[in-house]
1. Run down 61, 96, 91 and say which single residue is part of a helix (DSSP H, G or I) and either at pLDDT 95 or above or not β-branched (Val, Ile, Thr) (or both).
2. Taking residue 53 and the conditions (1) within 26 Å of residue 178 (Cα to Cα); (2) acidic (Asp, Glu); (3) outside any strand (DSSP E or B), which numbered condition does it fall short on, given that it satisfies the others?
3. Please go through the stretch 106-137 and give me each residue that is assigned to a loop (DSSP other than H, G, I, E, B) and surrounded by fewer than 17 Cβ atoms within 10 Å (Cβ to Cβ), ordered by number.
4. Can you run down the residue pairs with Cβ atoms below 6 Å, 6 or more apart or on separate chains, where the first is in the stretch 162-173 and among the acidic types (Asp, Glu) and the partner is buried (at least 20 other Cβ atoms within 10 Å of the Cβ) and at pLDDT below 95?
5. Can you find a residue that is farther than 21 Å from residue 166 by Cβ and either touching a strand residue (DSSP E or B) at 6+ places or on another chain (Cβ under 6 Å) or hydrophobic (A, V, I, L, M, F, W, C) (or both) anywhere in the stretch 79-86?
6. For the stretch 16-56, what are the residues that are surrounded by fewer than 23 Cβ atoms within 10 Å (Cβ to Cβ) and modelled with pLDDT under 50?
7. What number of residues within the stretch 158-168 satisfy the criterion of being closer than 13 Å to residue 132 by Cα and either surrounded by fewer than 19 Cβ atoms within 10 Å (Cβ to Cβ) or of a type outside the set (Phe, Trp, Tyr) (or both)?
Amino acid sequence: MKNFARFASLALAASLLAAPAFAQQAQKRPQGPTIVKTFNTWGVRCFSETLCDIAEVTTFPQTGQFAASVSVAYVPRADGPQYLVQVILPPGVDLPKGARMVADSYASETMRYHHCDRIGCYAVLERGNTVVGEMKRRGNIGIQMTRFRGKTMNIVVPLAGFKDALNYLVDLVKQRSSGAPQPAAPDAPTDNSTTPNP
């Protein structure tokens with residue numbers, strides 16, 4: 001929880017720059033993240049030397065408006081590494097019902113909303129290892145949410161480049177933590193287009 005809170009407290013700048021990351025409630029706005037490397041639509045970003053995540057922002061194709069953001073952070077821990085997963089969805093969601101990551105017969109545990117702001121509503125899964133495992137082996141995954149009037153929506157998140165971005169993130173965090181040289185990024189597409197569904 002300490003690592004999560006520290007990460008969350010540094011991440012507001014990303015959301016304010018229309019590249020949302022883990023939410024925070026700090027009074028003083030931190031400096032924005034550095035984009036380290038892009039893998040298709042997934043960007044590897046760092047807020048400090050050892051505090052990094054990967055993120056993708058999806059828009060509705062008909063309007064170009066913000067549809068969802070997914071952020072994944074890697075946190076080394078003594079009892080085993082953890083992935084922290086956050087989604088940000090447009091305002092107007094049914095807060096008590098939360099959100100789920102879904103694909104075929106798979107459905108994650110409910111992700112409870114942390115808070116809402118002018119960007120959207122933030123739902124967090126602090127123990128996201130299972131979700132990340134599903135994302136690594138799929139071409140896309142859905143975010144299932146309920147609007148406040150009861151309409152259920154499924155936003156499709158493309159996962160092209162996700163696995164390469166995640167592997168790079170893990171190596172980057174480990175090597176920065178140990179003071180070793182940063183990992184060399186493999187050649188990867190840098191197409192920033194998205195293929196979301198409303």
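1. Sole residue among the options that is part of a helix (DSSP H, G or I) and either at pLDDT 95 or above or not β-branched (Val, Ile, Thr) (or both): 96.
2. It is condition (3) that residue 53 fails.
3. Residues satisfying the conditions are 109, 110, 117, 118, 126, 127, 137.
4. Taking only residues 6 or more apart or on different chains, not a single pair turns up.
5. No, the conditions are met nowhere in the stretch 79-86.
6. 16, 17, 18, 19, 24, 25, 26, 27, 28, 29, 30, listed by residue number.
7. Matching residues across the stretch 158-168 total 6.
The values are calculated or read from the model by the stated rules, or taken from the named source; none is laboratory data. All values derive from a computational prediction rather than experimental measurement. Cβ sites come from the backbone with ideal geometry, for glycine too, and all protein chains shown count toward neighbours.
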